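S.K.: Please find one structure pasted underneath; my questions will follow.
Derivation of every value follows stated rules applied to the coordinates shown; laboratory data play no part. Predicted, not measured: the structure shown is a model, and the values here were computed from it. All Cβ positions, even for glycine, are placed from backbone atoms using ideal geometry, and neighbour counts span all protein chains on display.
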Amino acid sequence: MVKKEQSKVYNFCAGPAMLPASVMQKAQAEFLDWQGTGRSVMELSHRSKEYIALAEQAEQDFRDLLSIPSNYKVLFAQGGGRGQFSAVPMNLQGRGKCADFLLTGSWSNGAEQEAQKFLATNVVSDVVSKEGLTAVPDIDPSMMSANSAYFHYCTNETVDGIEIDDIPDSGDVPLVADMSSNILSKPIDVSKFGIIYAGAQKNIGPSGLAVVIVRDDLLDSAMPEVPTFLHYKTMDKFDSMYNTPPTYSWYLAGLVFKWLKEQGGLTAIAKKNAEKAALLYRCIDQTPFYINKVHPDFRSKMNVTFHLPSDELEAKFLVEAESRGLMALKGHRIVGGMRASIYNAMPIEGVITLTDFMRDFARRNG
Ligand SMILES: *Cc1c(COP(=O)(O)O)cnc(C)c1O
């Protein structure tokens, strides 16, 4: 347990992740009385003009941040990232009965397994070992299937700490990306994609919400059985309010988008993210006590994974880290080791405090 009087806590949780302190303070300040309405934003009708204005502003800010072209729709969906594991194949199955998948870790595998319920899946590639480290190979076009409905990959494998900066070339086949854990961490060229989706709880806001960017020619290719509330065309027609949307999560997402704009937008935040990641990887590389198993070209700037020499030392590391306010550093159970998630909201001071602790811990236990 963290003691109350402890001055500073840094939350490295992979998700739900920390949100910017100023966003939380603003939400707290207007929790009971949102903009003079005498009510919490949570208590307003999603059909009220006040709420609709909020929702539209959030979408506009999101569009501005990512420079989303006008032929793309932005949908605020329910069901998080995994909801889209189902929604994507159901919404694109009308284009073809097969889809291509790049498998790079636990989330892309999860997406591929769910898609198998709705169409045939073809694995274009898996990760490879390069100089003993995990790497993502270039796509071999001959591995892609003819008449594929879409090509799916995950831009940042949250569990494995693998990030793919280069956008794969899928030719005429719409590229679908799960960006749950690195959306808004840097500028991206949206026009290269057919669909981008992201569960909110890493870089956007509270869990349960997903933001989906869909090129408009892909709105209407669903299988007939698609549940209405997951149907992109219906969602778009009702401005993501076919059923009552998660209004409070949408509101918080809107505050995060505003905060990001105040930070100078995605170019500015990308620079900060690169600095934070460089500090942490430098600490790992300079301290043989810590091992990262990802090839430098694919090291995630959002989820930094590392191992210590033994399970005992890892357990000790976690206990000591928590006693210093460095929380939730335990790696995902399927890969073990440690994971420091350093999304947009993590201040550089948090990373500096962590690396100071890591060097000290290595000195005392190495
Ligand atoms: C967290 C995560 C998901 C799953 O999100 P849920 O909201 O729990 O369904 C999917 N993909 C990636 C890359 C993630 O990081």
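S.K.: Can you compute the charge dipole magnitude of the stretch 228-316 about its Cα centre, using +1 on each Lys and Arg Cβ and -1 on each Asp and Glu Cβ, nothing else charged? Give it in debye, rounded to the nearest 20.
M.R.: The calculated dipole for the stretch 228-316 is roughly 320 debye.
S.K.: With charges set only on the Cβ (+1 for Lys and Arg, -1 for Asp and Glu), what does the dipole of the stretch 264-365 come to about its Cα centre, in debye to the nearest 20? Intermediate results must be reported in sequence, preceding the final value.
M.R.: Working: 15 positive and 11 negative charges, 44 e Å.
So the dipole magnitude of the stretch 264-365 works out to roughly 220 debye.
S.K.: Same structure, new question: What ratio of Cα Rg to 2.2 N^0.38 Å holds for the stretch 63-197?
M.R.: In units of the globular-protein estimate, the stretch 63-197 measures up at 1.01.
S.K.: Project the alpha carbons of the stretch 18-95 onto their principal axes and report the range along each, largest first, in whole Å.
M.R.: Here the Cα extents, ordered largest to smallest, are 49, 30, 25 Å.
S.K.: What number results when the radius of gyration of the chain, computed over Cα atoms, is divided by 2.2 N^0.38 Å? Before the final figure, lay out each step's value.
M.R.: Numbers: Rg = 21.0 Å, N = 366, 2.2 N^0.38 = 20.7 Å.
Relative to the 2.2 N^0.38 Å estimate, the chain comes out at 1.01.
S.K.: How far apart, in nm, are the 7 Å Cα→Cβ label points at Asp64 and Lys49?
M.R.: It is 2.2 nm.
S.K.: Applying 1/(1 + (r/R0)^6) with R0 = 30 Å to the Cβ-Cβ distance of Ser106 and Thr267, what FRET efficiency is obtained, to the nearest 0.05?
M.R.: The value I calculate is 0.50.
S.K.: Can you give me the relative contact order of the stretch 161-204 as a percent, contacts being Cα pairs under 8 Å and 6 or more apart?
M.R.: Numbers: 41 pairs, mean separation 19.2, N = 44.
About 44 percent, as a whole number.
S.K.: Specify the residue with the greatest mean-square fluctuation among Ile213, Ile204, Ile52, computed from a Gaussian network of the chain linking alpha-carbon atoms under 10 Å apart.
M.R.: Comparing Ile213, Ile204, Ile52 in the GNM, the peak value goes to Ile52.
S.K.: What FRET efficiency would be calculated for the residue pair Leu32, Glu349, taking the C-beta separation as r and a Förster radius of 41 Å, to the nearest 0.05?
M.R.: Result of the calculation: an efficiency of 0.85.
S.K.: Then there's this: Provide the packing ranking of 176-185, 272-281, 35-44, 73-82, i.e. peptides ordered by the mean count of other C-beta atoms within 10 Å per residue, highest first.
M.R.: The most tightly packed comes first, giving 176-185, 73-82, 272-281, 35-44.
S.K.: Label-point separation (nm) for Asp220 and Asp311, each offset 7 Å from Cα along Cα-to-Cβ?
M.R.: 5.8 nm
S.K.: Would you mind giving the three semi-axes, in whole Å and largest first, of the ellipsoid equivalent to the stretch 305-366 according to its Cα gyration tensor?
M.R.: 18, 15, 9
S.K.: To continue, here is another question. Highest first, please rank the peptides 162-169, 95-102, 330-337 by the mean number of other Cβ atoms sitting within 10 Å of their residues.
M.R.: The densest-packed peptide leads the list: 95-102, 162-169, 330-337.
S.K.: For the chain, with a Gaussian network of springs between Cα atoms less than 10 Å apart, report the residue from Arg339, Arg324, Arg299 with the top mean-square fluctuation.
M.R.: Sorting by GNM fluctuation, first place goes to Arg324.
S.K.: So what's the back-of-envelope 222 nm ellipticity for the chain, counting only DSSP H runs of four-plus at -39500 (n - 2.57) apiece and dividing by all residues, rounded to 500?
M.R.: Taking each H run of at least 4 residues, the total per residue is -11000 deg cm²/dmol.
S.K.: Rounded to a whole number, what is D in µm²/s for the stretch 224-350 from Stokes-Einstein with the Kirkwood radius over alpha-carbon pairs (25 °C, 0.890 mPa s)?
M.R.: Numbers: Rh = 17.8 Å.
In µm²/s, the coefficient rounds to 138.
S.K.: If one computes the Cα centroid of the stretch 1-67 and of the stretch 107-183, what distance in Å separates the two points?
M.R.: Here the answer is 32 Å between Cα centres.
S.K.: Once the principal axes of the Cα atoms of the stretch 187-233 are found, what is the range along each, listed largest first in whole angstroms?
M.R.: Principal extents (Cα only, largest first): 33, 26, 10 Å.
S.K.: Residue farthest toward the positive end of the dipole of the chain, with Cβ of Lys/Arg at +1 and Asp/Glu at -1: which of Val74, Met358, Gly94?
M.R.: Met358
S.K.: Would you work out the charge dipole size for the chain about its Cα centre, treating the Cβ of every Lys and Arg as +1 and the Cβ of every Asp and Glu as -1, and quote it to the nearest 20 debye?
M.R.: That gives the chain a dipole magnitude of about 900 debye.
S.K.: Could you grab the relative contact order for the stretch 1-89? Cα pairs under 8 Å, six or more apart, rounded to a whole percent.
M.R.: Normalised by residue count, the contact order of the stretch 1-89 is 9 percent.
S.K.: Return a whole-number percent for the relative contact order of the stretch 78-201, with Cα pairs under 8 Å and 6 or more residues apart as the contact set.
M.R.: Reported relative contact order: 27 percent.
S.K.: Full-extension gain between Glu56 and Phe238, please, as 0.36 nm times their residue separation minus the C-alpha to C-alpha distance. Please report the intermediate quantities before stating the final value.
M.R.: Working: separation 182, 0.36 × 182 = 65.52 nm, distance 1.26 nm.
Full-extension gain reported as 64.3 nm.
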